[in-house]
1. Quick one: in the range 328-352, which of the residues that are in contact (Cβ under 8 Å) with a residue 40 or more places away in the chain and surrounded by fewer than 16 Cβ atoms within 10 Å (Cβ to Cβ) is nearest to the chain's Cα centre (by Cα)?
2. Could you tell me which of the residues 176, 194, 243 is at pLDDT below 95, in contact with a helix residue (DSSP H, G or I) (Cβ under 9 Å, 6 or more places away or on another chain) and surrounded by fewer than 21 Cβ atoms within 10 Å (Cβ to Cβ)?
3. Residue 181: without any contact (Cβ under 8 Å) to a residue 24 or more places away in the chain, under 23 Å from the mean Cα position of the chain (by Cα) and outside the structural domain of residue 12 (by TED's automatic domain parsing), yes or no?
4. Scan the range 159-169 for residues that are surrounded by fewer than 16 Cβ atoms within 10 Å (Cβ to Cβ) and either part of a loop (DSSP other than H, G, I, E, B) or touching a helix residue (DSSP H, G or I) at 6+ places or on another chain (Cβ under 8 Å) (or both) and report the count.
5. If you scan the range 360-371, which residues turn out to be assigned to a helix (DSSP H, G or I) and buried (at least 21 other Cβ atoms within 10 Å of the Cβ)?
6. Hey, does the range 136-154 have a residue that's crowded, with 22+ Cβ neighbours inside 10 Å, touching a strand residue (DSSP E or B) at 6+ places or on another chain (Cβ under 9 Å) and over 20 Å from residue 278 (Cα atoms)?
């Protein structure tokens with residue numbers, strides 16, 4: 001079988017690697033070389049345990065031993081996961097995963113897909129470098145996936161978050177991540193140290209506020225870390241400065257109703273979606289690298305056996321967790337508990353109760369799911385330990 005995979009990020013490159021190893025002919029397309037994608041780049045300790053190439057590979061990564069949670073009222077809590085997690089440069093991670101796919105036998109074409117049409121049992125793929133044919137089409141082309149729209153899967157504005165920020169060159173070596181929750185709209189700010197720069201960012205619901213307001217909030221946060229950088233960003237005529245590159249991006253954050261209706265493959269066995277293109281991103285945290293790689297593995301297994309089983313497989317593996325996260329999202333960012341925002345109370349309880357801190361630690365590591373989270377938190381909060 002010849003498979004065309006559109007998008008050579010973690011999802012597409014992983015699928016190309018897995019299928020190539022199993023004798024499929026793989027055409028891997030991406031419009032550009034590996035690049036510094038706008039996101040934190042965090043890889044949970046769960047992902048490091050499950051995917052050996054992420055844990056033991058030689059690609060540069062920053063190992064993180066603590067996470068500082070900051071509320072809108074500037075209460076702080078530092079959580080140490082059971083095991084360190086990693087932050088990759090997305091450019092370096094993408095380059096490594098593409099090379100693994102090529103080494104396994106995939107053919108990579110750095111060309112934009114200009115058209116894709118299914119007729120007479122085959123896909124006809126149009127690019128500036130020429131036309132290709134394939135038996136099966138996979139969309140792994142990110143949150144704004146063109147492939148998704150071509151196969152008729154629709155997301156609405158409510159199914160997205162919006163993120164912006166700056167990648168800042170630095171020689172400073174940090175082993176801590178900062179996450180700060182927002183006050184007037186749902187979302188969070190972050191500081192993620194990568195190997196040669198720091199990613200500062202902010203994310204919230206799409207159209208919940210304006211980019212200008214988001215920039216102002218983020219610059220105020222940066223000022224608490226680096227006054228000189230904040231001053232540069234305030235006075236810059238453009239979005240970027242000599243040491244800070246601006247970025248903005250859409251992030252899938254699917255509504256509960258979308259999770260219920262989502263199809264990530266075709267019953268006629270002609271196409272599938274994985275990673276961000278399928279919306280496989282945690283609606284609460286925005287974490288997507290694990291789900292990109294995991295969905296690629298599940299699709300590879302399905303294609304070796306029965307591709308039409310893919311929807312059932314991803315729903316059984318992580319679909320219920322993602323749906324539960326979508327249910328919790330509004331309450332988490334906008335809800336109140338005992339007269340204060342939920343995020344404030346969460347940090348207060350965690351500072352006083354070891355059990356709550358342990359729940360948060362496991363949640364960060366990826367070892368605690370959302371299904372059953374409420375029960376465990378309540379048990380921990382009232383254990384008085």
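1. Residue satisfying both the conditions and the ranking: 330.
2. Of 176, 194, 243, the one residue that is at pLDDT below 95, in contact with a helix residue (DSSP H, G or I) (Cβ under 9 Å, 6 or more places away or on another chain) and surrounded by fewer than 21 Cβ atoms within 10 Å (Cβ to Cβ) is 243.
3. no
4. Looking only at the range 159-169, we keep the residues that are surrounded by fewer than 16 Cβ atoms within 10 Å (Cβ to Cβ), and these are 169.
Next, only the ones that are either part of a loop (DSSP other than H, G, I, E, B) or touching a helix residue (DSSP H, G or I) at 6+ places or on another chain (Cβ under 8 Å) (or both) stay: none.
Of the residues in the range 159-169, 0 are surrounded by fewer than 16 Cβ atoms within 10 Å (Cβ to Cβ) and either part of a loop (DSSP other than H, G, I, E, B) or touching a helix residue (DSSP H, G or I) at 6+ places or on another chain (Cβ under 8 Å) (or both).
5. Applying the first criterion (assigned to a helix (DSSP H, G or I)) to the range 360-371 yields 360-365.
Correct list: 360, 364, 365.
6. no
Per-residue answers, yes or no, for (1) assigned by TED's automatic domain parsing to the domain that holds residue 107; (2) buried (at least 23 other Cβ atoms within 10 Å of the Cβ); (3) farther than 17 Å from residue 277 by Cβ; (4) modelled with pLDDT under 95:
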site: 12; (1), (2), (3), (4): yes, yes, no, no
site: 16; (1), (2), (3), (4): yes, yes, no, no
site: 19; (1), (2), (3), (4): yes, yes, no, no
site: 23; (1), (2), (3), (4): yes, no, yes, no
site: 28; (1), (2), (3), (4): yes, yes, no, no
site: 32; (1), (2), (3), (4): yes, no, no, yes
site: 39; (1), (2), (3), (4): yes, yes, no, yes
site: 42; (1), (2), (3), (4): yes, yes, yes, yes
site: 48; (1), (2), (3), (4): yes, no, yes, yes
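The values are calculated or read from the model by the stated rules, or taken from the named source; none is laboratory data. Since we're looking at a predicted model, the values are computed, not measured. No Cβ is skipped: glycine too gets one built from the backbone with ideal geometry, and neighbour counts run over all protein chains shown.
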